[in-house]
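Here the structure comes first, spelled out in structure tokens, and everything after it is commentary.
The values are calculated or read from the model by the stated rules, or taken from the named source; none is laboratory data. In this text, all values refer to a predicted model and were calculated from it rather than measured experimentally. Neighbour counts run over all protein chains shown; Cβ positions are idealised from the backbone, glycine included.
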Amino acid sequence: MNLSMRWLKEFVTLDEMPMRAFTEAITMSGSKVEGWEKEGSEIENVVVGQVLKLEKHPDSDHLWICQIDVGTGEPLQIVTGAQNLQEQDFVPVALHNSLLPGGKKIKKGKLRGVESNGMLCSLGELGLTQHDFPNAIEDGIFVLGDDCDHTLGMPVCQAIGFDDTKVEFEITSNRPDCFSVIGLRAKQPQPLAKSCSCTHRWSKVAMVTALRFWMSKWKNRTCVISTPLKWSKMCG
């Protein structure tokens, strides 16, 4: 089972600690952790910016010179070949000396004689697809929608919610209660958990999920359980 740490924190307040210490502690409590992964760990120095001005490149029929506000006061000039941008759009901006998935490094330079101080990113360049953002296009710059934070200069992973940590558990068949977030919440060892809460609106769904799973094993019944769409990708 894959557990979202962000979702878990809606049920329990945990002490701040390195993920390695957390996974070792919860493994010792009886819930074996197979591994963990931090979303956006390969992305560095990529922030939210806003397109202030667009003008055609004087020596190209497809390049655009963009003036981008990244919250530092002075607009940043970046040259792009994307054709889907409009002024006032919010976009991911890879600054000078930034890092993208696959080890791709971005540095400032010149495109056909015009200075470019970074790069505007597409979904693919951030390691994302339309499955993650259905309203975005794949063959252009990723324009941040209303469901993203538009704070200028904010790390883009934080702005788009791509900064969660996924923990993979090995759950045995005799512990169906642990096939839910509320079940794993109860497994948080002390003193890691400062406080627990079962008032979340999805807590009943989680407990019913575990109960139906157990009943299906004994009565050979098929159960269909609905989960929130935004958490569906965390179901392993």
Where residues in the range 17-49 are assigned to a loop (DSSP other than H, G, I, E, B) and of a type in the set (A, V, I, L, M, F, W, C), which of them is nearest to residue 127 (Cα to Cα)?
43
Filter result (under 25 Å from the mean Cα position of the chain (by Cα) and outside any strand (DSSP E or B)) within the range 56-84
70, 71, 72, 82, 84
For the subset of the range 27-58 comprising residues that are among the basic types (Lys, Arg) and free of Cβ contacts under 8 Å to residues at least 40 places away in the same chain, which member is surrounded by the fewest Cβ atoms within 10 Å (Cβ to Cβ)?
56
Can you find a residue in the range 135-147 that is modelled with pLDDT of 95 or more and within 15 Å of the chain's Cα centre (by Cα)?
yes
Would you check which residues across the range 121-138 are out of contact with any helix residue (DSSP H, G or I) (no Cβ under 9 Å at 6 or more places or on another chain) and surrounded by fewer than 15 Cβ atoms within 10 Å (Cβ to Cβ) and list them?
124, 129, 130, 134, 135, 137
The range 85-181: strands (runs of 3 or more DSSP E) wholly inside it with 1 or more residues that are within 26 Å of residue 7 (Cα to Cα) are 90-100, 165-170
So which of 190, 158 ends up being modelled with pLDDT of 75 or more and not basic (Lys, Arg)?
158
Determine whether residue 95 is farther than 29 Å from residue 174 by Cα, in contact (Cβ under 8 Å) with a residue 24 or more places away in the chain and either of a type in the set (Phe, Trp, Tyr) or in contact with an Asp or Glu (Cβ under 7 Å, 6 or more places away or on another chain) (or both).
no
Do you know which residues across the range 133-175 are farther than 13 Å from residue 40 by Cα and among the charged types (D, E, K, R)?
138, 139, 146, 147, 149, 168, 170, 175
